[in-house]
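Below is one structure, written out as structure tokens; the observations come after it.
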Amino acid sequence: MKMSFRWFGAEDDPVKLSQIRQIPGVTDVVGALYDVPVGEVWPLEKIAELKKQVTDAGLELNVIESVNVHDDIKIGLPTRDKYIENYCQTLRNLAEFGISVLCYNFMPVFDWLRTDLWYELPDGSKTMQYDRSVSEAITPQSLLEQYSSNSVAFSLPGWEPERLADLKGLFAKYAGVDAARLRENLKYFLEAIIPVCEETGIKMAIHPDDPPHPLFGLPRVVSNAEDLRWILNAVDSPNNGLTLCTGSLGANPNNNVVEIIREFAPTGRVPFAHVRNIRWQDEPGTGKGRFYESSHLSSDGSLDLYEIIRAFHDSGFDGFIRPDHGRMIWEETGRPGYGLFDRALGATYINGLWEAVEKNAKN
């Protein structure tokens, strides 16, 4: 297990590489280029600069999260082949700088969704909350306006303003794209890029839907164990893999996260994992679907992080792992979910659990 930490770059992240370097056990940065429009080739010189910034700070850059997939590919438009070729060239460019894992998603329009970016907990910390009843009552446009006003001037990953400028037009393009067609388009994409991944040694790691159910009439096809099996079988290659995100999968009460880890991690096709905890605010199964993102501590959330880490360990997981969304604590300000302090606590907690599981396994 290699501990990593997501970083949004020197221009748009209040968290500094020098601070990440001081988190015990963190060796890697999970990075990306955020100034290249979706669908364009990532230039070699920009990748080189990102790599240099990270390595100069005494850290490593092995994982990219993410090279976003153009909507024309997800929709299946005739223009998709041009964007797929650009994606393949980006893969080749990344491989020149030693990138070994690429986390991506195939969610239509919105890469993730929360209905409250600054939900206040009893201890005064703030976190992100999701309320399904709110998401079903709000319009996509009003949600976009809410995000724009509440992101405290930081860009939100997957919510690119230029891409979402014509939201009505973008939704119109998705008309007729149901789950079956979205799966077909995902398979088409994978069949085109995985041979390049096999040549370059890059492992693709698809991220689960967040939250894992349809939104605004748009389908979701990476929401449960059945979906994950389908993806791995669609293109049976060691380079076609998964990002196991405990918070995203755990947001579906029908998903047993520990069992999912024990099924998929031993296959060798899980090169990356996001570990976070969530706290259900309603009894799972009621259909209300309210939860917030808690601290990583098992007792603070609804997921048992000890059993989750034990499942990764027992499965022989040797990939990259990172603490996922954290609360905003100790009067820190920054991008929702991506402050320094709570994620650093999460990394230390995960490392402590791993050490305990490893030592117990030897007894």
Taking a ≥ b ≥ c as the square roots of the eigenvalues of the Cα gyration tensor, with a/c under 1.5 meaning rounded and otherwise prolate when a/b exceeds b/c and oblate if not, the range 210-258 is oblate
In a Gaussian network model of the chain with springs linking alpha carbons closer than 10 Å, the residue among Asp71, Asp56, Asp210 that fluctuates most is Asp56
Computed ³J(HN,Hα) along the range 99-105: with the Karplus parameters 6.51/-1.76/1.60, θ = phi - 60°, integer Hz and x for glycine or proline, the list is 5, 10, 9, 10, 8, 8, 9
Read-out mean projected area of the Cα convex hull in nm², candidates (i) 23.9; (ii) 17.0; (iii) 20.0; calculated match is (ii)
If exposed means GluC sites (Glu not before Pro) lying in a DSSP loop and surrounded by at most 11 other beta carbons within 10 Å, then the longest stretch of the chain lacking such sites spans residues 163-330
Classified through the alpha carbon gyration tensor (a ≥ b ≥ c as square roots of its eigenvalues; rounded if a/c is under 1.5, else prolate when a/b is larger than b/c, else oblate), the range 253-363 comes out oblate
The correct ranking of His325, His313 by accessible area at 1.4 Å, largest first, is His313, His325
Carbon plus sulfur, as percent of the 1.4 Å-probe accessible area of the chain, comes to 49 percent
Sorted on mean Cβ neighbours within 10 Å (highest first), peptides 126-132, 12-18 come out as 126-132, 12-18
Sorted by chain and number, the residues with a modelled amide H under 5 Å from that of Arg290, at a separation of 5 or more or across chains, are Arg132, Gln281, Asp282
CD proxy, 222 nm, the chain: helix-only mean residue ellipticity via -39,500 (n - 2.57) per DSSP H run with n ≥ 4, per residue, nearest 500, stands at -11500 deg cm²/dmol
With every protein chain kept in place and a 1.4 Å probe, the range 1-72 has an accessible area per residue in Å² of 43 Å²
Karplus-derived 3J(HN,Hα) from phi for the range 23-40 (6.51 cos²θ - 1.76 cosθ + 1.60, θ = phi - 60°), whole Hz, x at Gly and Pro, runs 6, x, x, 7, 10, 10, 9, 9, x, 6, 9, 10, 9, 9, x, 4, x, 8
Note, Glu191: beta-carbon cut-off 14 Å, +1 each Lys/Arg, -1 each Asp/Glu, net -2
The farthest towards the positive end of the charge dipole of the chain, of the residues Gly250, Ile23, Gly169, given +1 on Cβ of Lys and Arg and -1 on Cβ of Asp and Glu, is Gly250
Rounded to the nearest Å, the spacing of the alpha-carbon centers of the range 59-75 and the range 199-240 is 13 Å
Checking the range 259-337 for chymotrypsin sites (Phe, Trp or Tyr not before Pro) in a loop per DSSP with at most 12 other beta-carbon atoms within 10 Å yields Trp330
For the range 218-234, in residue order, the Karplus 3J(HN,Hα) values (coefficients 6.51, -1.76, 1.60; θ = phi - 60°; whole Hz; Gly and Pro = x) are 8, x, 10, 10, 9, 10, 7, 4, 4, 4, 5, 4, 4, 4, 5, 6, 4
Counting only protein heavy atoms and leaving out ligands, DNA and RNA, the solvent-accessible surface of Ser299 at a 1.4 Å probe, in Å² to the nearest 10, equals 90 Å²
Among Lys2/Lys359; Lys16/Lys52; Lys46/Lys203, the pairs whose Cα-Cα distance exceeds 19 Å are Lys46/Lys203
The alpha-carbon center of the range 1-27 and that of the range 250-327 are separated, in whole Å, by 22 Å
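The values are calculated or read from the model by the stated rules, or taken from the named source; none is laboratory data. In this text the structure is predicted, and so the values were computed from the model without any measurement. Note that we place each Cβ from the backbone using ideal geometry, even for glycine, and neighbour counts take in every protein chain shown. Side chains included, ligands, DNA and RNA excluded: accessible areas come from the protein's heavy atoms. Shrake-Rupley method; radii C 1.70, N 1.55, O 1.52, S 1.80 Å.
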